[in-house]
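Data block below; observations after.
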Amino acid sequence: MFRLIRFLKGQIPSAIAAPLCKLIEAIAELAVPMIIANVIDVGVAAGDETYIIKYCSVIAALAVGGFLISATGQYLASKVALGFGTRLRAATFAHITRLPLSVTDRLGGSSLVTRLTGDVMNCQNALNMFLRLVLRIPFVLIGAFVMSVIISPVLSLMFLAMVVILASVISCVLKLTLPRVKKAQKNLDELSRLSAQSLSGARVIRAFSKQKDTADEFDRAADVTAKTNIGAARISALLNPLTFAVINLAIIAVLWFGGVKVDGGGLTQGKVVALTNYLMQAFFVIVVIGNVFSVFTRSSACSARVNEVLDCPVPPEGSIGKAELTDKTNDLKIGDEVLRFDGVSFAYDGDYDVRDISFTLGYGKTLGIIGGTGSGKSTLVSLTERYYDPDKGTVYFCGAPLSDYTASALRGAIGFVPQRAAVFRGTLDSNLRIADESVTKEREEQALRLAQAEELIISVGLDGFIAEGGKNLSGGQRQRVSIARSLCRDNVLYLFDDVTSALDYKTEREFISAMKEVAGAKIFVSQRISAVSGCDAILVLDGGGIVGYGTHAQLKKTCPLYAEFCASQSNA
C-alpha cells in the first residue's frame, strides 16, 4: 500500500492536517473523564451547583469544539482519499492502455476491470480510514493507559491485561481472515469473467439453448465466492463478541476492586468513573483497530494486485514490442517503397509463428495475403502495426525501420481495419471521428460510400445513435463502419484484415472496386480468393511461411495450395 503514496502528490498538506485534526479531537476526548471526576468528587460531593455548571459548560465546549475539529478532519481525509483514488484509477487505466498485448492477455480483461474498479476503491477506502485514525488510535490508547496509571497504578494493570488479551484476539482473527480475503478477490475476477463472457456471447448462448448451463456455471462460481466471503465473515464475526466479553469482564473487575478501594478511602468515586470511561475509550479504540486491520488486510491484497499491473513495463510511447526500443522521429518520407519485410521471423511463445518473411509493397500497389487458419496472416498485420517487434529481420516503412518512428507517426499513416469490427457507443459521427477529429461531414459521407455503407446515412444518420459494440447494427454494417473510419483520413497504407468476411460477394466486389479510387498502398488479408484475386501481387502463407508469391494467374499455375483454394471456392 505504501508504494502507492506517490499518488498523494499535491495533497500532502491536507494529508498531514487530517490526522492532526483527529489528534486534537482525541486530546479533548481524553480531558473529559478527568473533568467528570472533578465534578463528582468536588461539585457533587460539596453540592456546589456553580462548580457543576461551570465544568459542565467546559465539557459541552469541548464536545462542540471536538465535533468541529473532527468534521474538518473527516472532510480533509475524504478529499485526500478521493483525489488519491482518482489519480490512481486514471494512472492504472492509462498504464493498461499501454501494456503489451501479451501482458493484457496473461492478466485477462475481467481481472483488469476488477483491479481498476473494486481494488482501487478498496485502496481509497483504506487511505481514508488511515488518515482519520493513524494518530488518533495510538494517542487515545496510550493516553487512556497513562491516565489510568495516574488514577490507580494497581487498577491500570487490568487495563494493560485487557489490551494484551484483545490484541491477541484481533491478531488471531486477522491471521485466519487474510487468506480468505485474498481468495475472495480472485473469485471476483472469475465472476467478472463469466459475466462479461455471458453478456458478450448472449446470442450464441440463446441460439444453442445454453442459458441454464451458463446460469449454473455462474451460480457455482457465485457459490464459491459466497462461501469464501461467508467463511471470512464468520471468523470476523467472532471479533465483536469476544472483545465485548473481555471489556465487560474488565469493567466488572474495575468496579469491583475500585469499589473496595473507595470503601477503604484509597480512591474516590469520581476517579472510579473516570477509570471506567478511560477503559471504555480504550475498548472502542481497540474495536476500531480490529475493523481497521480488516480493511487494511483487504486493501493490502488489493494494492498488491494494482501494483502488479503498474509494475508491468510498457514500451516507449505506446509501441508494443518485445524489446525496449526508442522511437526517434515523426518524419515520413513517402517514396516508391511503402512497406518491406526483410527476413522477418516472430514467435509469441516457443516456435516461430511466422518465419523468413520477405516482400515489398510499393505506393499505389495492392497486396493480397491469403492462407488457412493459423497460417500467420494476422501476425503479419500486427508486425506491420508494430504491436509486436520481430525476433529476426526488419520491417521497413517508407524506407526506414519501424523502430525509427514514433508510434503516433507510424499509426497515423496506416489506416487499419481489424478482423473483428470495433464499434463504440455514441453516434455514427463520433465513431468515424476516431480516425480524425477534424474530418468534415462531407468526408465522412464519402468514406461511408466507399465502404458501401451509404444506406447508414439514410437509416441511421451521422448523428444517429450507435449502441455499445454496435448491437443495433448488423455484422456487415459494423464492419463497413470500421472500414469507413479508416477512410476518413488520407493514409500511406491501408490494412484490411479479413474485413470482407462479413460482407456478401456483391458488396465485397463493389468495395474492392471502390478502393481503386483511394490513393496509397493497400493490403487485403483474407481467406477468400475473390478478395485478393484483383491485387497486383498475392502472398500465400502456410504454417507461418511463404509458399507462393505472384499474381492470381501465376499462382493458379505455380502454387498448389492457391490452386486448391481456387478449386474449393466457386466464385474464383
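The values are calculated or read from the model by the stated rules, or taken from the named source; none is laboratory data. Quick caveat, the model's predicted, so the values are computed rather than measured. A quick note on method: Cβ atoms are made from the backbone with ideal geometry, for glycine too, and the neighbour counts reach across all protein chains shown. Side chains included, ligands, DNA and RNA excluded: accessible areas come from the protein's heavy atoms. Shrake-Rupley method; radii C 1.70, N 1.55, O 1.52, S 1.80 Å.
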Filtered residues of the stretch 43-55 (kept if in a helix (DSSP H, G or I) and loosely packed, with under 15 Cβ neighbours inside 10 Å): ALA45, ALA46, GLU49, THR50, ILE53, LYS54
Single unsatisfied condition, ALA514 versus (1) part of a strand (DSSP E or B); (2) surrounded by fewer than 22 Cβ atoms within 10 Å (Cβ to Cβ); (3) not hydroxyl-bearing (Ser, Thr, Tyr): (1)
Enumerated helices (runs of 4 or more DSSP H) restricted to the stretch 69-188, each holding at least 1 residues that are of a type in the set (Phe, Trp, Tyr) and at pLDDT below 85: 136-151
Enumeration of residues in the stretch 449-463 that are out of contact with any strand residue (DSSP E or B) (no Cβ under 6 Å at 6 or more places or on another chain) and either of a type in the set (Gly, Ala, Ser) or surrounded by fewer than 12 Cβ atoms within 10 Å (Cβ to Cβ) (or both): ALA451, ALA453, GLU455, ILE458, SER459, GLY461
Check on SER209, modelled with pLDDT under 85 and not in a helix (DSSP H, G or I): yes
When residues of the stretch 64-77 are limited to those that are without any contact (Cβ under 8 Å) to a residue 40 or more places away in the chain and open to solvent by less than 60 Å² (accessible area, probe 1.4 Å), the one farthest from the chain's Cα centre (by Cα): GLY65
Elements of type helices (runs of 4 or more DSSP H) in the stretch 420-501, at least 3 residues being within 24 Å of ILE523 (Cβ to Cβ) and more than 34 Å from the chain's Cα centre (by Cα): 441-450
Exclusive hit being touching a residue at least 12 places away in the same chain (Cβ under 8 Å), in a helix (DSSP H, G or I) and aliphatic (A, V, I, L, M), set ALA553, ALA567, ALA563, ALA531: ALA531
Test: residue in the stretch 499-509 that is free of Cβ contacts under 8 Å to residues at least 40 places away in the same chain and among the acidic types (Asp, Glu): yes
Yes/no for PHE524 being of a type in the set (Phe, Trp, Tyr) and crowded, with 16+ Cβ neighbours inside 10 Å: yes
Criterion: open to solvent by less than 10 Å² (accessible area, probe 1.4 Å) and either in a helix (DSSP H, G or I) or at positive phi (or both) - qualifying residue of VAL254, VAL272, VAL246: VAL254
Failed item in (1) farther than 30 Å from LYS175 by Cβ; (2) of a type outside the set (Lys, Arg); (3) under 32 Å from the mean Cα position of the chain (by Cα), with GLY231 passing the rest: (1)
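Matching residues to (1) open to solvent by 20 Å² or more (accessible area, probe 1.4 Å); (2) among the hydrophobic types (A, V, I, L, M, F, W, C); (3) modelled with pLDDT of 75 or more; (4) part of a strand (DSSP E or B):
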position: THR276; (1), (2), (3), (4): yes, no, yes, no
position: GLN281; (1), (2), (3), (4): yes, no, yes, no
position: SER294; (1), (2), (3), (4): yes, no, no, no
position: PRO313; (1), (2), (3), (4): yes, no, yes, no
position: ASP342; (1), (2), (3), (4): yes, no, yes, yes
position: ASP356; (1), (2), (3), (4): yes, no, yes, yes
position: THR360; (1), (2), (3), (4): yes, no, yes, yes
